[in-house]
Amino acid sequence: MLNAMRNAILCFVTAACACAQQIQLETPTQVPRYGIAQFSLHINSPRFPNPFLEPAPTAEITTPNGAKHIVTGFCDSNDGSLFRLRYSPSQPGTHRFLVRMGAFRQKGEFTAEPSVNHGPVEADPEHPKHFRYASGQPFFHLGYTAYHLLDPSKSGAEVDAVLDYCAHNGFNKIRFLLSGYPRDTETRSSTDNEHGVPDPKRAPNYGAPKGRVNPLPAWPGQPHAYDFTRFHLPFWRRAEAIIASMLRRGLQANVILTIEKQNLPDEYGRLSDHELRFYRYAFARLGAYSNVWWDLGNEHNEYRDKTWGDAIGAVLRALDPHQRLASAHAYADFWYSQSPWASYIVTQQYGTEQEVYNWVRKYENVPKPYVNEEYGYEGPANTPGHLQNADWTRRTHWAIAMAGGYATYGDWSGNVAWYYSGDPGKGVAATQLKHLRTFFEALPYNNMKPCPDPVPSGFCLAGPGAQRVYYMLTGAPPPDRRTLRRYDPRLGQWPTTRVTAPNADWVYITEP
């Protein structure tokens with residue numbers, strides 16, 4: 001009887017429009033730890049000219065240890081008949097809440113049950129250059145870029161194929177766009193002449209498959225004429241369903257809020273009411289999912305600056321009771337080493353093995369994990385950079401790991417921008433990088449650091465005691481004369497016999 005009363009409480013409220021309205025509040029009673037406690041406010045006979053412009057409901061959550069969190073809600077109906085709040089409890093036990101909307105007040109409580117869920121990924125407080133789950137288990141980041149994962153052209157089965165591809169190949173984080181336009185010019189459609197362009201870097205949508213890159217309609221209306229005062233709810237519901245599907249597969253969802261293409265950020269304006277409304281809505285709607293990471297903007301150095309990043313980061317931290325991982329993607333320089341809102345370092349830099357290694361080491365004194373989100377997409381070229389072949393892709397990713405950093409793979413194989421359309425790619429390196437993750441997950445990677453002395457034709461990583469890992473680039477043996485085991489980074493195997501592979505890269509590790 002008590003649960004029934006909690007789940008259907010009818011009250012009167014004077015809303016912001018000063019009209020007497022009825023609210024039916026649905027509240028949770030039990031949720032798993034790190035699950036989502038959802039509060040739904042059903043408003044009878046809503047009288048909002050635009051409910052997305054109304055003050056959102058809030059909830060004060062008091063955790064079992066007495067900490068208080070303020071949760072901001074969001075409108076989930078075009079007529080204002082439904083508002084929601086979402087909170088993810090990190091502690092088991094009884095949580096008390098107070099929901100407010102206008103003059104409406106309602107107290108209650110719910111229970112967070114123990115769960116086997118590892119919880120969200122966070123920066124490891126004991127080893128701040130690395131990640132771990134809230135449960136304490138280390139998290140070895142291996143990312144995949146799929147910008148248009150949310151593209152309306154994709155069926156549910158096609159989205160599932162991307163997620164299954166990532167899980168199969170060992171990728172545990174997908175970075176994707178929440179809003180954006182295709183790269184196409186104003187006069188060209190996304191189905192026009194996208195294959196066979198000699199230079200894929202200049203092709204429409206970088207040579208993505210025909211029809212697979214379309215505007216991501218976070219708002220109603222037409223591209224370049226969106227109504228930024230409202231939100232396109234079917235798109236947001238689909239986005240959160242995909243994030244939930246990723247969570248079930250153990251995949252982290254790196255939500256890139258916007259991108260520089262087609263001047264979309266200029267259309268809604270820098271720190272305008274429209275921009276702030278968009279960011280606040282995203283934080284409120286998606287932030288309770290325990291696998292969400294935030295990227296404030298892709299290559300945002302092209303349309304924003306550090307002052308903007310710190311302003312939006314402050315908004316995030318004020319609205320996010322969960323303190324999810326957050327950063328912002330630019331190019332070589334990371335602007336937010338000293339910014340408290342930024343949880344981890346993001347750069348975009350491609351080059352030789354030594355160059356990508358050095359770029360990680362450049363930030364070794366910044367107590368935040370380092371991620372090179374774009375160290376060169378896999379393609380056919382025999383030189384490092386965008387369109388580098390599988391060997392260069394594998395070798396540079398290993399070099400980043402040997403410096404104590406992490407990276408995100410993208411597939412441009414066959415001159416087709418799988419990374420941009422957000423489809424499963426054909427690249428060879430994608431099948432090899434899972435061995436990198438498997439190798440380092442078997443080690444105390446969070447407690448390892450680059451060796452102080454350089455290694456000719458390779459790199460060295462030092463573990464506890466005398467443990468050493470060597471990544472040798474040219475087939476030369478490591479300088480360590482102790483007994484070493486050899487690991488094949490292409491096949492993920494430990495050969496028991498001498499394997500002849502001149503000039504090939506090999507991994508060596510000291511015997512325990």
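The values are calculated or read from the model by the stated rules, or taken from the named source; none is laboratory data. Computed from a predicted structure; not experimentally measured. Cβ placement follows ideal geometry from the backbone for every residue including glycine, while neighbour counts extend to all protein chains displayed.
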Task: Output for the stretch 391-407, where each listed residue is out of contact with any His (no Cβ under 8 Å at 6 or more places or on another chain) and not in a loop (DSSP other than H, G, I, E, B) - done: 391, 392, 393, 394, 395, 396, 397, 398, 399, 400, 401, 402
- [ ] Give the stretch 130-151 a look and list any residue that's among the aromatic types (Phe, Trp, Tyr) and free of Cβ contacts under 8 Å to residues at least 12 places away in the same chain, or say none.
- [x] none
TODO: Pull up the stretch 385-401, narrow it to residues that are at pLDDT below 95 and out of contact with any strand residue (DSSP E or B) (no Cβ under 6 Å at 6 or more places or on another chain), then point me to the one that is surrounded by the most Cβ atoms within 10 Å (Cβ to Cβ).
DONE: 386
Task: Boolean, residue 475 is farther than 27 Å from residue 172 by Cβ, free of Cβ contacts under 8 Å to residues at least 12 places away in the same chain, out of contact with any Lys or Arg (no Cβ under 6 Å at 6 or more places or on another chain) and in a loop (DSSP other than H, G, I, E, B) - done: no
- [ ] Among the residues of the stretch 152-180, write down those that are in contact (Cβ under 8 Å) with a residue 24 or more places away in the chain, of a type outside the set (A, V, I, L, M, F, W, C) and more than 29 Å from residue 491 (Cα to Cα).
- [x] 152, 153, 154, 179, 180
TODO: Give the residues of the stretch 359-390 that are in a helix (DSSP H, G or I) and within 18 Å of residue 142 (Cβ to Cβ), sorted by residue number.
DONE: 360, 390
Open item on the list: One residue is enough: does the stretch 13-22 have a residue meeting the conditions more than 11 Å from residue 104 (Cα to Cα), at pLDDT below 95, surrounded by fewer than 18 Cβ atoms within 10 Å (Cβ to Cβ) and touching a Lys or Arg at 6+ places or on another chain (Cβ under 7 Å)?
Closed with: yes
TODO: Would you be able to tell me the number of residues in the stretch 411-465 that are within 25 Å of the chain's Cα centre (by Cα) and free of Cβ contacts under 8 Å to residues at least 12 places away in the same chain?
DONE: 1
- [ ] Kindly indicate which of 64, 89 is in a loop (DSSP other than H, G, I, E, B) and surrounded by fewer than 20 Cβ atoms within 10 Å (Cβ to Cβ).
- [x] 64
Task: Those residues of the stretch 301-335 which are among the basic types (Lys, Arg) and within 19 Å of the chain's Cα centre (by Cα), in sequence order - done: 317, 324
Open item on the list: Can you pull out every residue in the stretch 78-124 that is touching a Gly at 6+ places or on another chain (Cβ under 8 Å) and either closer than 22 Å to residue 251 by Cβ or among the charged types (D, E, K, R) (or both)?
Closed with: 84, 86, 88, 89, 90, 96, 115, 117
Open item on the list: Condition (residue is assigned by TED's automatic domain parsing to the domain that holds residue 141, surrounded by 22 or more Cβ atoms within 10 Å (Cβ to Cβ) and assigned to a strand (DSSP E or B)) applied to the stretch 310-317: is it met by at least one residue?
Closed with: no
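Residues are listed down the side, and each one gets a yes or a no for (1) assigned by TED's automatic domain parsing to the domain that holds residue 155; (2) surrounded by fewer than 22 Cβ atoms within 10 Å (Cβ to Cβ); (3) part of a loop (DSSP other than H, G, I, E, B):
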{"residue": "423", "(1), (2), (3)": "yes, no, yes"}
{"residue": "426", "(1), (2), (3)": "yes, yes, yes"}
{"residue": "431", "(1), (2), (3)": "yes, yes, no"}
{"residue": "439", "(1), (2), (3)": "yes, yes, no"}
{"residue": "460", "(1), (2), (3)": "no, yes, no"}
{"residue": "471", "(1), (2), (3)": "no, no, no"}
{"residue": "481", "(1), (2), (3)": "no, yes, yes"}
{"residue": "485", "(1), (2), (3)": "no, yes, no"}
Task: Residues of the stretch 237-268 that turn out to be of a type outside the set (Val, Ile, Thr) and assigned to a loop (DSSP other than H, G, I, E, B), as a count - done: 5
Open item on the list: Of everything in the stretch 119-133, what is in a loop (DSSP other than H, G, I, E, B) and surrounded by 17 or more Cβ atoms within 10 Å (Cβ to Cβ)? Give them in sequence order.
Closed with: 119, 120, 124, 127, 129, 130
Task: All positions within the stretch 165-181 that are surrounded by 14 or more Cβ atoms within 10 Å (Cβ to Cβ) and out of contact with any Lys or Arg (no Cβ under 7 Å at 6 or more places or on another chain) - done: 165, 166, 171, 172, 173, 174, 175, 176, 177, 178, 179
Task: All positions within the stretch 318-344 that are over 15 Å from residue 254 (Cβ atoms), free of Cβ contacts under 8 Å to residues at least 60 places away in the same chain and not in a loop (DSSP other than H, G, I, E, B) - done: 318
Task: Breaking point among (1) under 23 Å from residue 233 (Cβ atoms); (2) outside any loop (DSSP other than H, G, I, E, B); (3) of a type in the set (A, V, I, L, M, F, W, C), for residue 288 - done: (2)
Task: Residues within the stretch 47-61 that are crowded, with 20+ Cβ neighbours inside 10 Å and β-branched (Val, Ile, Thr), tallied - done: 1
